[in-house]
Amino acid sequence: MKKAVLFLLAGLIPLFAQNKFLISGKITNAKNNSSLPFANVKIIDKPIGTAADSDGVYQFNLTAGNYKLIYSYIGFTSDTISVELTKNVNINAELTPKDLQISDVTVTPGINPAIRLIERSIRQKQNRNSKIESYVFEAYTKGVVRSDKDVEGDSGGVNMSLFDDEEESDSADLKIVGIVENQSKGYFKSPDFYKDEIIARKQTANFPASLNVITGGRVIKNFYDEELNITGREIPSPIADYALDYYYYYIEDSLAYDTKKVFQIYFAPDDPNDPGFVGRLFILDETYDLVKVDVQINSAANPGGLFTEMNIYQQFIPFNGIYMPVDYRLFGEVDVMGIIKFGFEFNSILNRYEVNKKIQNSFFDMALVKIIEGADDKDSTYWQSIQTLPVSTEETKAYNKMDSLMNVPFNFWDEFSLLAFNYRLGKNYSITAPLGMYGFNKVEGHSISSEFSFSNLLDQRLWGNASVGYGFSDEKLKGKIGGRYLFGRLRTGEIEFNVYDKLTDLFGESIEYSKFTSTVLSLVSKQDFRDYYYTSGFDFKIKSELGSYLTAGIGFLNRTDRSAVNNTDFSFFNKDRKFDENKSIYETRINAITASLGLDFRKHIEDGYYKRRVSRGRDQIFFNGDVTFASKSLGSEIDFTIYKFNSYLYLNSFGATNLRLNIDAVYADKAVPYQMLYAVPGTISKVTQPYTFRSVKIGEAAGDRAVAANLIYDWQDDLFRAAGLTFLLDLDLTLSTHFNFVYLDISDESKAILPQEADTFRQSLMEAGFSIGQKIFPVSLDFTWRLNHRNKKKFVVGFSVPIL
């Protein structure tokens, strides 16, 4: 019996040894008891540590055992404390200031000593980077969003209307409106392979889990890199290879760092019109390693002055002799034209580095961020064991307040508004509001319609809608029912169906403007730039991802198309004017098999539910091809095959500039119905859109054989900066140039069944121009010249308004 008990105890000892205990406390200045924000705590001889918060408070968990903790802060003497960890302990550390005088710096006559330090630091950076083949690290990340308005909501969105908290309602301070936390593991391999795995995540109820992917190489910046993308543009690091040609430097002070000396160096861009960092970096004497940065972005790097504050803080400590980032702090505040003010703080603590650990290239697949199964199921005990940043009382209160909203029964009248276009009927259901029911066009006249829709049902896999509408001039009832189901672990496949009897837009695929825009123009100026036809039938398709890059689909459609005519000339103004006659179509029944194939080489994020392609700020290219095969053997009244191809390319260039290229190609055999021709994307009057032909009207030119290209080079404000046009920079103006090309023809077979003539461009049309915009307001002034076909239009001026 005794042997059995001893055997049992021997088996339990390792389990007890694995229990984690909390070490917490505060790090302060021994002279005046003031807190030391972001002070470092490291376990001697282990790759484990943390950094305090802005109040000097720290915490982390360790298994039972004996440890030596070293507390450090630049300008102070480090303190080493031994602890035998058998329970939760509170250890406060008081660090004593240690002064070094600037006179300790050797100054060579005629030479700025800071230049010598930066030159050596750049060489040390190059040496450091050459030693790193790979590394693995763990990170705890917390992001907090604050606003001058309270926020409530659910995983479907955010509502700025919220808590009636008498304690805070009169306060001008920003209040917490959302929190996200996660624990992750990051991987890097030279030259530029990154991957992050999120092991645990949680967030306040008004933020969906799919947004909680703020970690690792995508977000955490490293000032040992050449450039850092902070606000959508690459900004040179203060120790970039070419930094001495970009920034000026001077030594402000020399400080103690343990028994070593650290130089505090102020820096800023030589030219204030160049986007850059302004602040202080701290260089270690003798080795010239970068150990700390405390910087802000200058006004040139601040798009439209949107950020009223943007501060970045980062520290580095050695792991196996190589200085690695141990934190990344980002603090910002945004004021949106005085309407809403919000702030954000991003804190990430990095530790447990394994430098030059062997990682196979095959490990770095197309997923930049991957959510590990069970990441959303961690309990409070787990979070207490991994949090390396203390959770404040304010944060706990915010969690409780926002999470409790999930349990409040939904009340329709709480969200009722006469200005809404849709009303929510619950978390997953909505219906059209009165303001969204009304429409007007030259065929239906005044019309009303209503749609009921649901979303994210069956574990975020099922969507659907049903709509009904009535036109008072054509006196026809219309309707549609549709649904979509996503399948696969990451919902990379979908089944979709639609049944309809509706009025639809002629050449709708080429129209970049909203129905609201056409309604307003029709009522005010009798300019209905759309043409319409009736169609009824059904379609069905199934599409799935077949690999990391390839997507394929197949489907079937059955529809009957009929012409529509003008039924009204109503307008508030221009009562004597007539609407343009609605164009006739080729009336027929079409039964066709459809097929699609897509190639997408973009990296993606696996957010736990979906595979989301990463677009913003990254080079990208993808291709899509579609085939529609109509045959009398399928019950169609007409035979034809239409092949469509689309390609999109996005390339980052220097600074914040980028190039975008969109290519469309169409080819058809036999006679194609007029309503299924390819139409050149045109414009309305003086209002344009980015990927439209400015000198072509909507529906003006159509054919069944076409190649069209839209090329945009977005210069942002870099060209103005290079030219020294500071007055344009002060106005936050931007510049983009565009070039459009189209070859368009129509076969004799299609010509034979045309209900009216269609313009073509057998001799390709080319136009080019530029746009002047503003960083904050989504409106630009377009100037476009036709390079040929100048018999109709030579020069067009218009406003590009993407929201219309």
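The values are calculated or read from the model by the stated rules, or taken from the named source; none is laboratory data. The structure presented is a predicted model; accordingly, all values stated were derived computationally and were not measured. Virtual Cβ from ideal backbone geometry, glycine too; neighbours counted across all protein chains shown. SASA here: full protein model, heavy atoms, side chains in, ligands and nucleic acids out. Shrake-Rupley method; radii C 1.70, N 1.55, O 1.52, S 1.80 Å.
The residues neighbouring Gly508, those whose beta-carbon lies less than 12 Å from its own, together hold a net charge of -1 under the Lys/Arg +1, Asp/Glu -1 convention.
With K and R counted +1 and D and E -1, the other residues having a Cβ less than 12 Å from that of Asp459 yield a net charge of +3. For the range 643-735, the gyration tensor built on C-alpha atoms gives an oblate shape. Its axis ratio a/c (a ≥ b ≥ c) is at least 1.5, and a/b is not larger than b/c.
Calculated FRET efficiency, Val801 to Glu749, Cβ-Cβ distance, R0 = 51 Å: about 0.85 to the nearest 0.05.
Multiplying the residue separation of Thr641 and Ile495 by 0.36 nm and subtracting their alpha-carbon distance yields 50.2 nm. Is any residue of the range 740-754 close enough, with backbone N under 13 Å, to a label point placed 7 angstrom from the Cα of Leu711 along the Cα-Cβ axis, and if so, which? Label zone hits: 740-742.
Mean projected area of the Cα convex hull of the range 194-308, taken over all directions, amounts to 10.3 nm². Scaled against the 2.2 N^0.38 Å expected of a compact globular protein of N residues, the Cα radius of gyration of the chain reads 1.13. Here the calculated FRET efficiency for Ala723 and Ser34, from their Cβ-Cβ distance with R0 = 45 Å, stands at 0.40, rounded to the nearest 0.05. Shape analysis of the range 336-409 places it in the prolate category; the axes a ≥ b ≥ c from the Cα gyration tensor give an a/c of at least 1.5, with a/b above b/c. Summarising the label geometry, the points placed 7 Å from Cα in the beta-carbon direction at Thr393 and Leu787 lie 6.8 nm from one another. In nm², what is the average projected area of the convex hull enclosing the Cα atoms of the range 459-532? So the Cα hull casts an average projection of 6.8 nm². The Kirkwood hydrodynamic radius of the range 684-797, based on inverse pair distances between different Cα atoms, is 15.9 Å. Please state the shape class of the range 483-616: rounded when a/c is under 1.5, otherwise prolate if a/b exceeds b/c and oblate if not, all from the C-alpha gyration tensor. The shape class here is prolate. Modelled spin labels at Glu252 and Ser54, positioned 7 Å past Cα toward Cβ, are 1.8 nm from each other.
Over the range 450-493, the Kirkwood radius and the radius of gyration, each from Cα atoms, give a ratio Rg/Rh of 1.23. Can you give the translational diffusion coefficient of the range 282-355 in µm²/s, computed by Stokes-Einstein from the Kirkwood radius over Cα pairs at 25 °C and 0.890 mPa s? D, rounded to a whole number, is 171 µm²/s.
Report the Cα centroid-to-centroid distance between the range 776-804 and the range 731-746 in angstrom, as an integer. Each part's Cα centre sits 8 Å from the other's.
If we count every other residue with Cβ under 9 angstrom of Val696's Cβ, Lys/Arg +1 and Asp/Glu -1, where does the sum land? In short, 0. Straightening the chain between Lys670 and Glu84 buys 202.4 nm, computed as 0.36 nm per residue apart minus the Cα-Cα spacing. Of the accessible area of the chain, with the probe set at 1.4 angstrom, what percent is carbon plus sulfur? Result for the chain: 55 percent of the exposed heavy-atom area is carbon or sulfur.
Taking all protein chains together and rolling a 1.4 Å probe, Trp785 ends up with roughly 100 Å² accessible.
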